[in-house]
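Report on the following structure.
What follows draws every value from the coordinates through simple rules; no lab data is involved. Since the model is a prediction, treat every value here as computed from it, not as a measurement. Note that we place each Cβ from the backbone using ideal geometry, even for glycine, and neighbour counts take in every protein chain shown.
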Amino acid sequence: MKPVSVIAALGLVALAACEAPPPAGPGWDRPPTINVTRAERACVAQAERQGLRVRSIVRTDIVTGSRGRVIGTQSILRVSHGRRGHAVRCNYTFDTRIARITPIRRG
């Protein structure tokens with residue numbers, strides 16, 4: 001292989017390895033601020049407003065929307081109501097700062 005062909009081939013490999021720039025638009029110029037603690041506090045507060053006693057936060061996952069944009073969290077809470085313990089799901093949206101509690105149905 002000629003030296004020019006080797007350099008050209010290496011250049012193509014280097015270009016293929018480059019990542020595409022992030023999409024243009026509002027919020028894409030910098031990474032979003034992900035405040036998981038705020039989301040978990042909002043979920044605990046909402047559960048307590050609904051008469052549930054939060055025993056623990058089992059896990060919290062980041063929720064993304066279109067094009068991978070972070071839009072909120074989904075937490076699983078271990079709660080009790082009276083003597084019964086069960087798990088509930090809490091969806092928190094960063095834009096609206098609203099936490100919604102829903103029961104987890106066993107299927």
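Listed values, structure above:
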read-out: Net charge of Cβ neighbours under 12 Å - reference Ala42; Lys, Arg +1; Asp, Glu -1; value: +3
read-out: Cα convex hull of segment 32-107, projected area averaged across orientations, nm²; value: 5.5 nm²
read-out: FRET E, pair Thr96, Val58, Förster distance 41 Å, beta-carbon r, rounded to 0.05; value: 0.95
